[in-house]
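The values are calculated or read from the model by the stated rules, or taken from the named source; none is laboratory data. The model shown is predicted, which means the values in this text are computed figures rather than measured ones. Neighbour counts are summed over all protein chains in view; Cβ atoms, including those assigned to glycine, are modelled from backbone coordinates with ideal geometry.
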Amino acid sequence: MKCTDKKFPVSPVLALAAVLLAGLSGCSGETETAGTGSDSSPAAETSTLPPTQGVTDTEIALGSHTDLSGPVAIWGVGSINGARMRFDEANAEGGVHGRQIRFIVEDTQYQIPRAIQAANKLINRDRIFAMVLGLGTPTNNAVLTQQLKAGVPNMFPLTGSRSMVEPYHDLKFAQRGIYYDEIRAGVKYFLEEVGKEKPCVIYQDTDYGQEILEGAEDQLRAMGRELVGVSAHKPTESEFTASIIRLRNAGCDVVFMGTIHRDTILILETARKMDFNVAFVGNNAAYGQVVAQQESGSGEGYHAFVHMARLYRDDDLPAPVIDWIDRYQSIYGEEPGVPAMEGYRAADLVIEGLERAGRELTRDSFISAVESVTDYTDLFGYRIQFGPGDHKGVSESVLSVVDGGRWKTLATAISY
């Protein structure tokens, strides 16, 4: 396996995570499996695994650590449903080059210790070929160093953190927008195209929120401008009156948000109650129907820069997309949202890579195969492209706004 010579900076938290991951070979989280179930063999003692781990004559084992019952389960459940739907379709058609896909999913509840346990089990006990759709910035960061050391590709994690693609590594692939890029595109668009003059940022005091702040500051610096107001909060914060007062006193006319669903809704509700009527702009992390359909109407006018937009069955959609929506709903009992779309596409991209790699599957042949995907358009009409040294997948954003309790696309192909 060839990798770059770049060294990965390791924070004390990540160093501790790597130590815990290496030592938790006997731990296991909750597992959902498709196929024969998880391997109960003891953990591997070597830190460098065979290049064909997870591949037998009859199956390919893939894994995921995600949130199925915690604070961001809305993303975890939908994305896993979408991925499982696509893998099941492939298996029903005979698999990939005669091999069935076994998809092993561990519920982390968006907790770092559980993510460490889950990744350890998937890598050392289930001996997966690749990790797919690992959810969350802190959880991915906690396991990624050990995962890459073990030679397990990180395919299409459910986070837009820059650490998923930077520094470059052969085993890291993304298929969603990077938060930093999205917020830079948002700042450029709202100042140049919409004419806003006084930008502000409200953000979670986390690694994710810090990326949003840095993106806004970097774009404004490039434009010879600066923020006029900033407010930070803990992820568990539930009272935002003081934050809105601070932003209002700063004279903000557009607020860029480093938030996820819960705090986004609370902030918008507070702004509505205080008649703070300015543009609020978020990104992938706070893009969901739950934000759009608030009964109070607080989500109306909220903007988000995303990598793919929410589709509704009564939109003017192509027949294959309507068929996909109907099939998903018949299986899972609900209409699919963006998480399901993203999960389905991630699984389809993995299948595409496996098919291109051929029957003689190794991790090197798989990586080269995915890098050859330069002309891929998904079921929903979005384009993805990779190449040697370019594993980012997406470089442009879609601007979406809440209008009448639904997401409406305003513009596409936006970048900075």
Can you name the residue in region 116-164 that is among the basic types (Lys, Arg) and touching a Gly at 6+ places or on another chain (Cβ under 7 Å) and is also nearest to Thr56 (Cα to Cα) among such residues? Arg127
Ile183, sole failed condition from (1) within 30 Å of Glu217 (Cα to Cα); (2) in a loop (DSSP other than H, G, I, E, B): (2)
Every residue from region 280-296 that is free of Cβ contacts under 8 Å to residues at least 40 places away in the same chain and within 22 Å of Tyr208 (Cα to Cα): Phe280, Gly282, Ala286
Run Val402 past the list (1) under 17 Å from Ala130 (Cβ atoms); (2) in contact with a helix residue (DSSP H, G or I) (Cβ under 7 Å, 6 or more places away or on another chain) and report the number of the one that doesn't hold. (1)
Among the residues of region 192-227, what is the count of those that are hydrophobic (A, V, I, L, M, F, W, C), touching a Leu at 6+ places or on another chain (Cβ under 9 Å) and not in a helix (DSSP H, G or I)? 5
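Here is a list: Asp88, Asp67. Which entry is of a type in the set (D, E, K, R) and free of Cβ contacts under 8 Å to residues at least 60 places away in the same chain?
Sole residue among the options that is of a type in the set (D, E, K, R) and free of Cβ contacts under 8 Å to residues at least 60 places away in the same chain: Asp88.
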Just to check your reading of the model, which residue among Gln294, Gln385 is of a type in the set (S, T, N, Q) and in a loop (DSSP other than H, G, I, E, B)? Gln294
Does region 166-175 include one or more residues that are on the phi < 0 side of the Ramachandran plot, polar (S, T, N, Q), modelled with pLDDT under 95 and under 15 Å from the mean Cα position of the chain (by Cα)? no
For region 264-313, give me the residue count where each residue is at positive phi and acidic (Asp, Glu). 1
I'm trying to understand the selection: among the residues of region 238-270, which are touching a residue at least 24 places away in the same chain (Cβ under 8 Å), of a type in the set (A, V, I, L, M, F, W, C), in a helix (DSSP H, G or I) and under 23 Å from Glu217 (Cα atoms)? Ile244, Ile245, Leu247, Ile267, Leu268
